[in-house]
Amino acid sequence: MEKAQKSNGIDDLVKLSFFTDIGKAITSAQSVHQTMQAVMDQIGKVFAPTYWSLLLRNNKSGELRFTIVVGSGVESLKGTTLPRGKGIAGWIAENGQSLIVEDVSRDSRFDPDMDQKTNFTTKSIIGVPLKSRSKVFGVIELINKLDGSSFTPYELTLLQTIADYAAIAIEKNYYLKALKHVASIDSLTGLYNRRTFYRFFEKEIARAQRSGSAFSLIMLDVDKFKQINDSLGHESGDRVLLTISGILKEITRSSDMVCRFGGDEFLILLPNSDANDAEVLKQRIELKIQQHNRKSEIQIGLSYGLHTTSSRNAESAIRFVDQQMYKEKNSKRAQLYSEQDIEDISAHTDSLALD
C-alpha cells in the first residue's frame, strides 16, 4: 500500500514537472511556429513515439497539411496534404474528438496511402484535435511507440491536455500577430502606415550603409484632392485613395515599402535602386493612372518627388522628396494660371473684335 502511494506521488511529481516544462516552453515562444515546435519537442520527450506530426486544417477546403513532422524516414510528409476526412487524422478533424487506435489493421478509418509513400508500417495511433472555440484548426498525431507497445487511454488524456495548452498559446499568438498587423497598417488602404514606414526606413538606411548601396524614394500626392472631397464627397475621395493604393500594390516589387504617409500623400521606398529605377516606376504609375482616367468620371492627377540617396537620416531624405513634390505641384499651378490668363486675354480680344 505504502509502495503504491509512493509510486503515485512520484507519478504526480513527474506530471507536475512535465506541465511546468511545457508551460515554460509555450509561454516563452514568440510566434505560432515556435509554439508548435515547443509542443512537438515536449511530446517527443514524454511519449517516445516512432514519429509524430502536427497537421493544420485549411478552413475552406478542410484539407489537413503536415506542418511539422518529426521522426526518421518520414521527412517527406512535411508539406503534403490529406483530403478532407481522410484517414485517422481526417476523422479527428471532422469530428473534433480524440482517438486511440491500438491496431490500425482492424480500423476501417485508417488509410494506408501515407505508409506506402514513406515505406513505413503504422501499427497504433493516438491523435487529438487542436480547437479554438470549438472549431478544429489542427490535429496532433502520434504513430507507434518505440518500445512496440500500444498507446494507452491515460496517454490519450495526457496528449489532449497538451493540445489544450497548445491551442490556447497558438490562439494567443495569432491575436498578438493580428494586433501587430492592425497597428502597422493604414485602415483605409491596407498600406503600411507612417510609423511602420519609419521603422522599415531606418533598417534600410543601416543596410545601405553596410553594403554601400543606394535606395530611392518616391513621394506622391493627389492634385486637387480637397476639391474632390468638397465637390464629390469624402466617399469619392476615399475611392481615389483606394485606386492609387491598388495601383501601387500591383506594380511595386515585394521588396519595396509602400506607405500611406498621411492624408493624400504616399511614400515608396525602393531598396537597391537608382534614379532610373525610380523614374521607371513613376512612369508606370502614370500609365496606370491614365488608364484609370479613361474609364472613370473622377479624374486623378498626381504630383511626384523623387530622390536617390544613401542618406543616414530618414527625416532629411523624406523632407527632400516632399520639397521636390511641392515644386512640381507649384509648377502645375503656375502653368494652369498662365493658361487661364491666355484664355482670358483671348476672350477679351474676341469681344473687342465683335464690338
Item checked: Whichever residue in region 47-56 is among the hydrophobic types (A, V, I, L, M, F, W, C) and part of a strand (DSSP E or B) and, among such residues, is surrounded by the most Cβ atoms within 10 Å (Cβ to Cβ) -> 55
Item checked: residue 303 vs. criteria at pLDDT below 90 and either closer than 23 Å to residue 196 by Cα or surrounded by 14 or more Cβ atoms within 10 Å (Cβ to Cβ) (or both) -> no
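Matching residues to (1) assigned to a helix (DSSP H, G or I); (2) within 34 Å of the chain's Cα centre (by Cα):
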site: 111; (1), (2): no, yes
site: 116; (1), (2): yes, no
site: 121; (1), (2): no, no
site: 127; (1), (2): no, yes
site: 131; (1), (2): no, yes
site: 138; (1), (2): no, yes
site: 141; (1), (2): no, yes
site: 148; (1), (2): no, no
site: 163; (1), (2): yes, yes
Margin query: Just to be sure before I move on: is residue 128 over 15 Å from residue 50 (Cβ atoms) and touching a residue at least 60 places away in the same chain (Cβ under 8 Å) in the structure I sent?
Written below: no
Notebook entry, point to check: Of the residues that sit in region 215-251 and are part of a loop (DSSP other than H, G, I, E, B) and out of contact with any Leu (no Cβ under 7 Å at 6 or more places or on another chain), which one is farthest from residue 195 (Cα to Cα)?
Noted result: 233
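Matching residues to (1) surrounded by fewer than 18 Cβ atoms within 10 Å (Cβ to Cβ); (2) closer than 27 Å to residue 157 by Cβ; (3) within 27 Å of the chain's Cα centre (by Cα):
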site: 58; (1), (2), (3): yes, no, yes
site: 65; (1), (2), (3): yes, yes, yes
site: 73; (1), (2), (3): yes, no, no
site: 78; (1), (2), (3): yes, no, yes
site: 82; (1), (2), (3): no, yes, yes
site: 86; (1), (2), (3): no, yes, no
site: 90; (1), (2), (3): no, yes, yes
site: 94; (1), (2), (3): yes, yes, yes
site: 98; (1), (2), (3): no, yes, no
Notebook entry, point to check: So, in region 213-249, of the ones that are of a type in the set (Gly, Ala, Ser) and in contact with an Asp or Glu (Cβ under 7 Å, 6 or more places away or on another chain), which residue ends up nearest to residue 296 (Cα to Cα)?
Noted result: 216
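Conditions tested, residue by residue: (1) charged (D, E, K, R); (2) modelled with pLDDT under 95.
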{"position": "209", "(1), (2)": "no, yes"}
{"position": "228", "(1), (2)": "no, yes"}
{"position": "231", "(1), (2)": "no, yes"}
{"position": "234", "(1), (2)": "no, yes"}
{"position": "247", "(1), (2)": "no, no"}
{"position": "263", "(1), (2)": "no, yes"}
{"position": "284", "(1), (2)": "yes, no"}
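Residue-wise test of (1) closer than 24 Å to residue 36 by Cα; (2) of a type in the set (A, V, I, L, M, F, W, C); (3) modelled with pLDDT under 90.
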| position | (1), (2), (3) |
| --- | --- |
| 74 | yes, yes, yes |
| 87 | yes, no, no |
| 113 | no, no, yes |
| 116 | no, no, yes |
Next item on the list: Kindly indicate whether any position in region 166-178 is surrounded by 14 or more Cβ atoms within 10 Å (Cβ to Cβ) and either outside any helix (DSSP H, G or I) or of a type in the set (Lys, Arg) (or both).
Entry: yes
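The values are calculated or read from the model by the stated rules, or taken from the named source; none is laboratory data. Everything numeric here is computed off the predicted structure, so don't read it as measured data. Neighbour counts are summed over all protein chains in view; Cβ atoms, including those assigned to glycine, are modelled from backbone coordinates with ideal geometry.
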